[in-house]
Every structure is written in C-alpha cells, then in structure tokens.
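Contents: one structure, followed by commentary.
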Amino acid sequence: MVFNHLITNVDDHLHNIGFLYAGANLWRMAPAFDLNPFPDKERESKTWLSEDTGPVNSMDQLMALAARFELDADEARAVLAHVVAAVKRWREIALSPVVGMVSAELESFAPAFEHPELERARALAG
C-alpha cells in the first residue's frame, strides 16, 4: 500500500491483487501486480482497509494503520524506509533497458513519483 501511494498507483482496486503459486498447494500474494503510476491524479487508494478508515490518502494514515498488518512502529518505519529508497530510484529505473523510457518522458511522469508525500514518507522513516 505504501508503494502504491508513493507512485500514485490509484488503480489499486481488488481485481488488481494477484497471487502466485508457491508449490505444495499453497498460494501467496504477489508483491506487485498491475502497477500504473498516474501523474495527473490525486494519491487516493481505491481499496479501503475498512469502512472506518475510508480511502488511504496520506502517509500519516498509512503509518497509523501499520498495526492492522501486525507491524510495530519500528517495523513499519523499516518497511517505509525500504520503499522510499526504491521509489527515489524511479528515474534511474525508468531509463533502464528493462523499462525503456527516454529522458524526454521523465518529466511527464515526475508528479507521480516526486511529491510532498514522498518527502513526508522519508521524514516518517527517520
């Protein structure tokens, strides 16, 4: 959810959750599935955690809900730091042969990745 929020993937409805077969008749959630950064959208998830929380639209809200994922404050900050470090590399990854963007395309996608919520996440991660 943190990654979705930080890359402005607002197409995070329940049909965009994937599972991977892990063998021995077991399945696990895919770490990522159908990710679409939207530079022209507000960061608000389509998938609510519960009726009382509503859509996720801030890093503060995500950190406040960490216990729902059985994460204590230190674990939540560690996950957040890991995700922030990954998102900060978005330009490098976008220009890599795997993704194949060209420099001219970067600025149009920048608002999806470079925004005040990323700075807030970095501050919360410590």
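Throughout, read-outs are computed from the coordinates displayed, never taken from laboratory work. Remember, it's a predicted structure, so these values are computed and weren't measured experimentally. As a convention, Cβ positions derive from the backbone with ideal geometry for all residues, glycine included, and neighbour counts pool all protein chains shown.
Overview of values
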item: Subset tally (residues that are surrounded by 13 or more Cβ atoms within 10 Å (Cβ to Cβ) and either touching a Gly at 6+ places or on another chain (Cβ under 6 Å) or closer than 23 Å to Glu75 by Cα (or both)) for region 26-52; result: 4
item: Flag if Phe109 is aromatic (Phe, Trp, Tyr), crowded, with 16+ Cβ neighbours inside 10 Å and over 18 Å from Ser45 (Cα atoms); result: yes
item: Residue in region 66-85 that is exposed (fewer than 15 other Cβ atoms within 10 Å of the Cβ), within 19 Å of Arg122 (Cα to Cα), touching a helix residue (DSSP H, G or I) at 6+ places or on another chain (Cβ under 9 Å) and acidic (Asp, Glu) present; result: yes
item: In region 101-126, residue farthest from the chain's Cα centre (by Cα) [restricted to those that are closer than 30 Å to Leu65 by Cα and outside any helix (DSSP H, G or I)]; result: Gly126
item: Counted residues, region 1-30 - those being assigned to a loop (DSSP other than H, G, I, E, B) and farther than 21 Å from Glu117 by Cβ; result: 5
